[in-house]
Amino acid sequence: MKKKRATKKTAETIGDIACATGKGLFAGLAGTAAMTIVQMIEMKIMERPGSTVPADGLEKVMPLKAPEKKEEKMKLAQMTHFAYGTAWGIPLGLMDQAGISIVPASATHFSAVWGTAMIMLPAQDLAPRVSEWDRKTIMLDAMHHAVYASVAGLTYHAISGKSRERKRRFASFGTVSNTLFNILGLISLSKLKKPAKKIDLRSTAEWVKKNNHKPKLKWKRGFMN
């Protein structure tokens, strides 16, 4: 009898984790979509082209070669961007299952996503070190990731069946934080057009073009063809 109860409890736990993971993936997709829209607006204001960094990063960690045509490479970059952002929604589900409350979970999620990007991209020679960025560029990058984290968190808790009070509280938090980061980002955009001593968004593209090394893969050449 005890064995049956333990088995049932284990199955329920696995089911809860699977359900939370699915909600997290959906929330990650929503956050990525919101972040992409904000990035498109920013690129239009800054008059800069889209980035192929996601495709370049995929080429460095997977046994494949990115398309040489710019249009095809941009499509791969966009697909990679959405897949990566969607996958980052999983921690929201895991933190929910661990009993972490809404605001700390969202703050932790933002720190993890943004911190990983700031460490991983320079490590793969896909961007300069953060110490070489100007302050306004860092603020703008923070805004993009804050939009992602706040929308992903709001979406997760909107579909997770929490109480109305908790939903209302998080909706207020998400709206205020999102508005704040967008205001800061727009202020930064007006400043970014001025010359900066350090590397800004425009010169980052030139830096990547000059310094982007061949993929650091241990795979055989046969897989790359």
- Message: Before I look further, what does the range 98-155 give for accessible area per residue, probe 1.4 Å, in whole square angstrom?
- Response: 40
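For Val103, Val113, write out the residues from largest to smallest accessible area, computed with a 1.4 angstrom probe and no ligands counted.
Val103, Val113
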- If R0 is 22 Å, what FRET efficiency do you get for Ser101 and Ala158 from their C-beta distance, rounded to 0.05? 0.90
- Query: How far, in nm, would the chain grow between Met43 and Thr10 when pulled straight, counting 0.36 nm per residue and subtracting the alpha carbon separation?
  - Reply: 7.1 nm
- Item | Semi-axis lengths, Å, the range 1-128, gyration tensor of Cα atoms, sqrt of 5 times eigenvalues | 35, 17, 13
- Message: Taking all protein chains in place and a 1.4 Å probe, what share, in percent, of the accessible surface of the range 1-102 do carbon and sulfur account for?
- Response: 67
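What size of dipole, in debye to the nearest 20, comes out for the range 86-163 about its Cα centre when the only charges are +1 on Lys and Arg C-beta atoms and -1 on Asp and Glu C-beta atoms?
My answer is approximately 180 debye.
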- Item | All aspartates and glutamates inside 13 Å of Lys23 as judged from Cα atoms, apart from same-chain residues fewer than 8 positions distant | Asp96
- Charged-residue dipole, Cβ positions (Lys, Arg, Asp, Glu), the range 1-73 about Cα centre, Debye nearest 20: 860
- Task: Please label the shape of the range 25-68 as rounded, prolate or oblate, based on the square roots a ≥ b ≥ c of the eigenvalues of the alpha-carbon gyration tensor (a/c under 1.5 means rounded; beyond that, a/b larger than b/c means prolate, else oblate).
- Result: oblate
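Between Ala112 and Glu71, take the C-beta separation as r, use R0 = 30 Å, and let me know the FRET efficiency to the nearest 0.05.
With R0 = 30 Å, the Cβ-Cβ based efficiency is 0.40.
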- Note on the structure: Once all protein chains are kept in place, Thr7 shows an accessible area at probe 1.4 Å, nearest 10 Å², of 80
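The values are calculated or read from the model by the stated rules, or taken from the named source; none is laboratory data. From a predicted model like this one, the values you see are computed outputs, not experimental measurements. As a convention, Cβ positions derive from the backbone with ideal geometry for all residues, glycine included, and neighbour counts pool all protein chains shown. Just so you know, the surface numbers come from the protein's heavy atoms only, side chains and all, with ligands and any DNA or RNA stripped out. Shrake-Rupley method; radii C 1.70, N 1.55, O 1.52, S 1.80 Å.
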